[in-house]
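Here the structure comes first, spelled out in structure tokens, and everything after it is commentary.
The values are calculated or read from the model by the stated rules, or taken from the named source; none is laboratory data. Keep in mind the model is a prediction, meaning the values are calculated, not measured. Note that each Cβ is placed from the backbone with ideal geometry, even for glycine, and that neighbours are counted across all protein chains shown.
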Amino acid sequence: MLLLSTSSLKWYWLHKIFTLVKKSKYDWIDLCIDEKNFDTLDENYLKWLSDAFEVPVLSITAQDKWLNQEKVDKIAKIAKTLNSQIINFYPPHITDKNMDFFSKYLLKLKKDLRIKITLQNVEQKFLLFIIPEYRNSNLIDLKKITWDTALNLSSIDKSSWVDLIKAQAILWNTLSNIYFNDRTWIKDLLLPWCAWWWVSYLPLESFLMRLKISWYNWFFSLKVKPTELWAWNDEKVLYNLEYIKNYYNKHFINYK
């Protein structure tokens with residue numbers, strides 16, 4: 001399933017995003033929680049949008065930092081209202097306080113809600129060169145938290161020993177959502193075919209084919225910068241969305 005992350009069109013209101021998704025060939029949404037956009041926290045309004053446009057919100061992505069148990073519960077309530085199938089969290093950020101509950105509580109949510117609770121990979125960054133910005137962000141440790149993971153392709157760090165193919169091998173059958181995009185040494189969150197001009201270092205086509213022969217059957221969420229979709233031009237947005245859908249169909253859905 002190919003979803004559209006609302007972060008890819010974050011310059012628009014949610015109503016406009018649902019409108020564009022309905023016009024495009026995308027039938028599902030990955031809702032990116034943004035505390036600066038109160039609409040993303042209003043489960044009743046989100047339920048109305050989803051029902052009115054007949055566009056399910058199958059996946060929810062939490063904010064990348066400043067989490068606590070109250071905020072996690074709020075996200076869980078939204079997921080329950082929308083009948084979402086996955087909630088995607090980041091590993092604990094160094095600024096997150098009182099996160100000792102994190103691992104056990106996410107497992108409890110997974111059991112109570114009966115949905116997948118993923119932890120997604122992040123690019124390794126350090127404060128003062130030695131303090132990891134995110135805790136438990138090593139892929140091996142990451143997958144052990146809930147045994148469900150999400151892979152953001154733009155967070156693959158080629159300067160480390162883990163490239164895209166190795167990341168897929170490590171996460172393997174825990175993978176439940178793939179944030180679909182491309183990157184170069186200096187640019188990230190690019191549309192797949194655009195990165196070619198800047199020498200992408202992600203073997204996307206081989207990656208998609210490997211997923212297909214591995215019987216991957218969970219979500220892809222198109223997550224790119226709004227500038228990549230030309231978010232100021234509706235016709236261009238729809239054109240780019242269609243192009244990516246065709247790319248996805250060619251190298252994944254129709255690959256034999």
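Is it true that Glu235 is within 19 Å of the chain's Cα centre (by Cα), of a type in the set (D, E, K, R) and either modelled with pLDDT of 90 or more or in a loop (DSSP other than H, G, I, E, B) (or both)?
No; evaluated as a whole, the condition is false for this residue.
For the range 227-256, which positions are surrounded by 13 or more Cβ atoms within 10 Å (Cβ to Cβ), over 14 Å from Asp182 (Cα atoms) and touching a residue at least 60 places away in the same chain (Cβ under 8 Å)?
Result: Ala231, Asp234, Val237, Leu238, Leu241, Glu242, Lys245.
Among all residue pairs at least 6 apart or on different chains, which show Cβ distances below 8 Å where the first residue, located in the range 202-221, is closer than 13 Å to Phe180 by Cα and the second is among the charged types (D, E, K, R) and part of a loop (DSSP other than H, G, I, E, B)?
Within 8 Å, the pairs are Leu202/Arg183.
Would you be able to say whether some residue in the range 154-163 is at pLDDT 85 or above and either among the acidic types (Asp, Glu) or not in a strand (DSSP E or B) (or both)?
Within the range 154-163 (the criterion being at pLDDT 85 or above and either among the acidic types (Asp, Glu) or not in a strand (DSSP E or B) (or both)), the answer is yes, since at least one residue qualifies.
Being in contact with a Cys (Cβ under 6 Å, 6 or more places away or on another chain) and either of a type in the set (A, V, I, L, M, F, W, C) or crowded, with 16+ Cβ neighbours inside 10 Å (or both) narrows it down to one of Thr6, Thr19, Thr40, so name that one.
Thr6
Criterion first (closer than 27 Å to Pro56 by Cα and either modelled with pLDDT under 85 or outside any helix (DSSP H, G or I) (or both)) does Trp215 satisfy it?
yes
Considering the range 33-50 alone, what residues qualify as being free of Cβ contacts under 8 Å to residues at least 12 places away in the same chain and among the acidic types (Asp, Glu)?
Within the range 33-50, just Asp42 meets the criteria.
Conditions: (1) over 19 Å from the mean Cα position of the chain (by Cα); (2) modelled with pLDDT under 95. Thr81 meets all but one. Number of the miss?
(2)
Taking into account only those residues within the range 101-139 that are of a type in the set (Asp, Glu) and either part of a loop (DSSP other than H, G, I, E, B) or within 15 Å of Tyr90 (Cβ to Cβ) (or both), which is modelled with the lowest pLDDT?
Glu133
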